[in-house]
RNA sequence: GCGCCCGUAGCUCAGUUGGAUAGAGCAUCGGAUUUCUAAUCCGAUGGUCGGAGGUUCGAAUCCUCCCGGGCGCGCCA
């Protein structure tokens with residue numbers, strides 16, 4: 001068992017022992033160690049005395065005094081904490097704890113490894129992360145932003161903690177809407193209107209929308225005309241429109257049949273459309289600094305020949321039943337609870353009365369594949385919060401069907417990491433002026449452009465090509481951090497104007513802190529002739545934690561492993577964002593108050609240089625785990 | 001009608017297992033650069049934590065009810 005560098009863990013075990021010694025009748029009790037909110041009171045506090053007071057029948061301050069008497073005498077605690085006395089007890093019975101500078105130094109030193117204090121997982125899991133979720137023949141737009149950014153960040157944190165991650169881009173590439181656009185493209189190609197070889201996603205996007213319109217007849221309008229007898233002209237126009245739409249729809253349905261039968265001509269067109277879509281999606285994700293590769297794509301089409309089998313299986317085992325001609329899985333039984341232990345009154349429909357399958361059927365197949373084929377013990381879905389009920393139904397149905405059962409008797413954890421909407425500054429869903437969805441490429445372009453203006457102004461001396469790279473990184477970091485730093489479940493307001501300031505709690509602020517550290521290291525080498533290579537001696541220099549800013553920085557760094565764990569457990573990237581912002585803030589204060597290269601003496605300089613280096617590595621690691629790009633200077 | 005999510009400073013948001021005087025950023029005001037990048041730092045102003053009850057030594061946090069906003073709810077995805 002390696003020594004933990006987490007002060008809370010050390011204090012927890014010490015105070016646990018002290019409490020057991022002071023009150024043997026209680027046995028094991030959580031000492032309730034937390035970081036102090038106010039540095040003036042201490043670094044950490046133990047809140048156990050208040051909670052124990054009633055159980056042992058003594059006033060909280062007396063309980064605290066008894067624990068302090070035992071804890072103060074423990075060698076383990078004496079080594080790391082300032083002496084504990086009655087003065088350590090404050091208020092109702094809070095025990096304030098202050099760590100010694102040299103204890104912080106040795107904790108930092110033990111964390112100063114390539115893993116940065118992050119322990120290997122007790123069990124290496126395979127975790128499937130559903131992310132991105134694009135549709136065939138459609139440009140990635142702001143609706144895919146969060147699914148991509150959040151899903152990628154979650155995938156990264158699981159990987160960082162040592163798990164195996166399977167990314168699944170659940171591509172919407174099957175069904176009638178897809179057949180509509182495929183029919184249109186196939187017809188246009190046959191008529192020589194378009195060239196499949198040079199077709200681009202923009203063309204497909206337009207064709208998709210047009211196909212949707214062409215297949216949608218104004219049946220209600222026609223009915224109204226007939227009912228109210230609004231004249232032969234209106235009637236004729238509507239009849240023509242409706243019959244045209246009916247024709248197109250019939251053509252789409254026949255295309256769907258051909259597609260499902262892998263008709264060579266139609267299937268080739270469809271494959272071409274899929275290729276164009278996936279290539280573009282991968283390219284946009286790369287610009288977003290999100291890892292989504294072509295091989296991470298798992299289209300709905302890839303499940304198409306499993307759906308019948310799944311439905312048969314559920315029917316044969318009496319899990320699904322008929323209801324109004326459709327097949328449903330009822331989920332209102334005692335064992336069919338959602339994540340919060342609530343009963344789900346709405347059944348999960350797995351087959352329509354016309355025999356067609358639904359997205360719930362596909363998602364069941366997805367769960368089965370992820371658990372059985374990939375061996376995933378955890379399934380995480382970064383999908384819009386509005387699909388919450390859908391996922392609760394599908395999860396409950398999958399559990400009922402045993403599709404989440406793993407070999408060995410355990411049941412895979414199914415989790416919907418839902419997220420709120422991206423809003424414009426008017427508080428309504430973020431759209432362009434004309435009401436269209438904002439394309440991600442346009443979003444990135446604008447952030448890049450706005451960042452360029454700043455970079456050109458502030459860093460005019462850097463070469464053009466580097467300035468451009470920095471601007472793109474700053475823009476992308478701004479977009480991603482703005483998205484990740486809020487509570488996932490809430491809607492958030494997207495504002496270039498606020499983002500372009502690049503001040504305060506923003507992605508660029510974090511990048512800036514990192515760039516300043518890199519700058520110090522460059523100067524150390526260039527001007528002080530200090531070796532800053534991978535095995536440089538300064539990386540083993542004794543750390544001296546003396547100034548308040550050094551202490552605050554040290555305490556922040558030590559929280560890193562816990563911050564990663566917390567983000568992964570809650571599937572909440574904003575926890576790591578908060579940590580990184582605290583760390584960057586602690587560094588900025590340190591930077592301001594504690595000269596590094598011009599420190600009073602050599603030891604101080606080397607200690608601070610090592611502190612900078614460690615901070616820089618934690619920042620880099622954390623930013624990378626969130627999926628934010630970094631730059632060496634800016 | 002039922003269900004889910006949300007409501008914290010002028011604005012945008014944090015707030016850990018229930019813990020001390022509810023915190024940041026932006027905005028406003030005032031300071032800091034002969035010294036490692038001022039995209040920075042230090043300080044000030046700013047609060048009926050939507051409301052009312054309840055549980056508790058202690059509630060923004062847990063429970064109940066109400067108000068307000070958003071989103072869902074059997075054959076779209």
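Spin-label model, residue A:229 to residue A:176: label points 7 Å out along the Cα-to-beta-carbon direction sit 3.4 nm apart. The angle separating the long axis of helix A:548-558 from the principal Cα axis of greatest extent in chain A is about 50 degrees. Helix A:359-368: angle to the longest alpha-carbon principal axis of chain A, degrees 0 to 90, nearest 10? Helix A:359-368 and the main axis of chain A meet at about 50 degrees.
Ranked from highest to lowest mean number of other Cβ atoms within 10 Å per residue, what is the order of the peptides A:57-66, A:400-409? Don't skip to the answer; put the middle values down first.
Details: A:57-66: 18.8, A:400-409: 15.0.
Ranking, from highest mean packing down: A:57-66, A:400-409.
How big is the equivalent ellipsoid of the stretch A:440-499 along its three axes, where each semi-axis is √(5λ) from the Cα gyration tensor, reported in whole Å from largest to smallest? Walk me through the numbers before you get to the answer.
On the way: eigenvalues 124, 21, 18 Å².
Its equivalent ellipsoid spans semi-axes of 25, 10, 9 Å.
The stretch A:68-141 and the stretch A:448-511 have Cα centres spaced 30 Å apart. A simple spin-label model places pseudo-atoms 7 Å from Cα toward Cβ; at residue A:519 and residue A:413 they are separated by 4.2 nm.
Between residue A:246 and residue A:196, how high is the FRET efficiency from 1/(1 + (r/R0)^6) when r is the Cβ-Cβ distance and R₀ = 25 Å? Nearest 0.05. Let's see the in-between values first.
On the way: r = 27 Å, r/R0 = 1.10.
Efficiency, rounded to the nearest 0.05: 0.35.
Counted over chain A, the DSSP beta bridges are approximately 50% antiparallel. Using only the Cα atoms of the stretch A:1-65, build the gyration tensor, take square roots of its eigenvalues as a ≥ b ≥ c, and label the shape rounded, prolate or oblate: rounded if a/c is under 1.5, else prolate if a/b is larger than b/c, else oblate. Note, shape of the stretch A:1-65 comes out oblate. Segment residue A:343..residue A:54, full-extension length gain: 100.3 nm, with 0.36 nm per residue of separation and the alpha-carbon distance subtracted. By the helix-only formula, in which each DSSP H run with n ≥ 4 contributes -39500 (n - 2.57) and the sum is divided by residues, chain A has a 222 nm mean residue ellipticity of -17500 deg cm²/dmol.
Which residues does a label at residue A:92 reach in the stretch A:53-84, if reach means a backbone N under 19 Å from a point 7 Å past the Cα toward the Cβ? Only A:53-68 pass the distance filter.
Compute the length gained on full extension between residue A:220 and residue A:187: take 0.36 nm times their separation in residues and subtract their Cα-Cα distance, giving the result in nm to one decimal. Spell out each step's value before the answer.
Numbers: separation 33, 0.36 × 33 = 11.88 nm, distance 2.83 nm.
Length difference between fully extended and current span is 9.1 nm.
Could you tell me the relative contact order of chain A? Use alpha-carbon pairs under 8 Å, at least six residues apart, and round to a whole percent. Please list the in-between numbers first.
On the way: 1005 pairs, mean separation 86.6, N = 634.
Result for chain A is 14 percent.
Residue ranges A:606-614, A:22-30 sort as A:606-614, A:22-30 when ordered by packing (mean number of other C-beta atoms within 10 Å per residue, highest first). With the alpha-carbon atoms of the stretch A:222-348 aligned to their principal axes, the span from lowest to highest coordinate is 59, 44, 33 Å, starting with the largest. Cα centroid separation, the stretch A:203-223 to the stretch A:582-634: 57 Å.
Extension gain, residue A:433 to residue A:406, is 4.8 nm, computed as 0.36 nm per intervening residue step minus the present C-alpha separation.
By per-residue mean of other Cβ atoms within 10 Å, what is the highest-first order of A:329-335, A:14-20? Let's see the in-between values first.
Values: A:329-335: 14.3, A:14-20: 22.0.
Output ranking for A:329-335, A:14-20: A:14-20, A:329-335.
Over chain A, the alpha carbon radius of gyration divided by the compact-protein estimate 2.2 N^0.38 Å works out to 1.17.
For chain A, the longest principal axis of the alpha carbon atoms and the long axis of helix A:264-287 meet at an angle near 30°.
The distance between label points at residue A:388 and residue A:265 comes to 4.9 nm (points 7 Å beyond Cα on the Cα→Cβ vector).
Values in this text are rule-based calculations from the coordinates and carry no lab data. Bear in mind the structure is a predicted one, so any value in this text is a computation, not a measurement. We place every Cβ from the backbone using ideal geometry, glycine too, and count neighbours over all the protein chains shown.
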